[in-house]
Amino acid sequence: MRWLTLLTLLPSLLLAAVNFSQAADQLITADSKTVTGYVARINLKKADQVYEALQRAEVYFQTKQQPNIQISPAVPPIAFVIYGPDVEIFFRENYSDFKPIVDLAARLSALEVIDIKVCQVSYEKQGLDKSTLLPFVSTVPFGPAEVTRLLEDQQYDFF
């Protein structure tokens with residue numbers, strides 16, 4: 001009796017598998033854009049979001065180190081473009097307040113997993129001095145414009 005039930009369900013299961021396969025193929029071919037890098041998606045005004053994005057980058061790096069996972073070595077580090085109040089995280093005078101975030105960011109930067117850029121407009125607005133910027137962080141004139149440039153001109157995608 002069980003066999004009869006299984007035999008009656010078999011065509012439905014096969015049809016579902018075929019439909020799933022076709023849907024997956026459509027998803028793969030729908031995004032024909034070649035991704036050359038990634039930009040971290042960070043919710044502004046929440047330092048914990050920066051930390052969570054850094055943790056995702058660390059998991060990505062650890063996955064990349066597994067021999068059975070093939071991730072293109074040509075993909076550049078994940079760009080972290082920080083603007084708004086979060087730029088204060090990456091200045092020496094705030095190190096003690098953001099130590100876990102800065103330590104993780106420094107480690108991932110040293111491993112060339114991430115590339116952190118802070119917005120000049122944002123840090124100047126907060127009265128921060130570029131000379132106290134942590135050494136592994138670079139600057140961009142305007143953060144939102146850099147994100148747009150990476151996504152549109154450089155064919156980056158959100159991480």
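Rule-based calculations on the coordinates, nothing more; no lab input. In this text, all values refer to a predicted model and were calculated from it rather than measured experimentally. Here the Cβ positions follow ideal geometry from the backbone for every residue, glycine too, while neighbour counts run over all protein chains shown.
Each residue of the range 134-144 in order: what ³J(HN,Hα) in whole Hz does its phi give by Karplus 6.51 cos²θ - 1.76 cosθ + 1.60, θ = phi - 60°, with x for Gly and Pro?
4, x, 8, 10, 10, 10, 10, x, 9, x, x
For the range 96-111, take each phi angle, set θ = phi - 60°, evaluate the Karplus expression 6.51 cos²θ - 1.76 cosθ + 1.60, and give the result in whole Hz per residue in order, putting x for glycine and proline.
Once rounded to whole Hz, the list reads 5, 6, 10, 3, x, 5, 5, 4, 5, 4, 5, 5, 5, 5, 4, 7.
Which whole-Hz couplings ³J(HN,Hα) result when phi for each residue of the range 121-126 is put into the Karplus expression 6.51 cos²θ - 1.76 cosθ + 1.60, θ = phi - 60°, listed in order with x for Gly and Pro?
After applying 6.51 cos²θ - 1.76 cosθ + 1.60, I find 4, 5, 6, 5, 4, 8 Hz.
Considering the zone a paramagnetic label at Glu152 would reach in this model (a point 7 Å from Cα along the Cα-to-Cβ line), which residues of the range 110-143 have amide N under 17 Å from it?
Within reach of a label on Glu152: 141-143.
Could I have the simple spin-label model distance between Ser96 and Gln55, label points 7 Å from Cα toward Cβ, reported in nm to one decimal?
2.6
Using amide H atoms built 1.01 Å from N in the peptide plane, name the residues 5+ places from Phe142, or on other chains, whose amide H lies under 5 Å from its own.
Result for Phe142 returns Gln120.
Can you list, largest first and rounded to whole Å, the semi-axes you get for the range 57-159 by taking the square root of 5 times each eigenvalue of its Cα gyration tensor?
In descending order, the three semi-axes are 26, 18, 9 Å.
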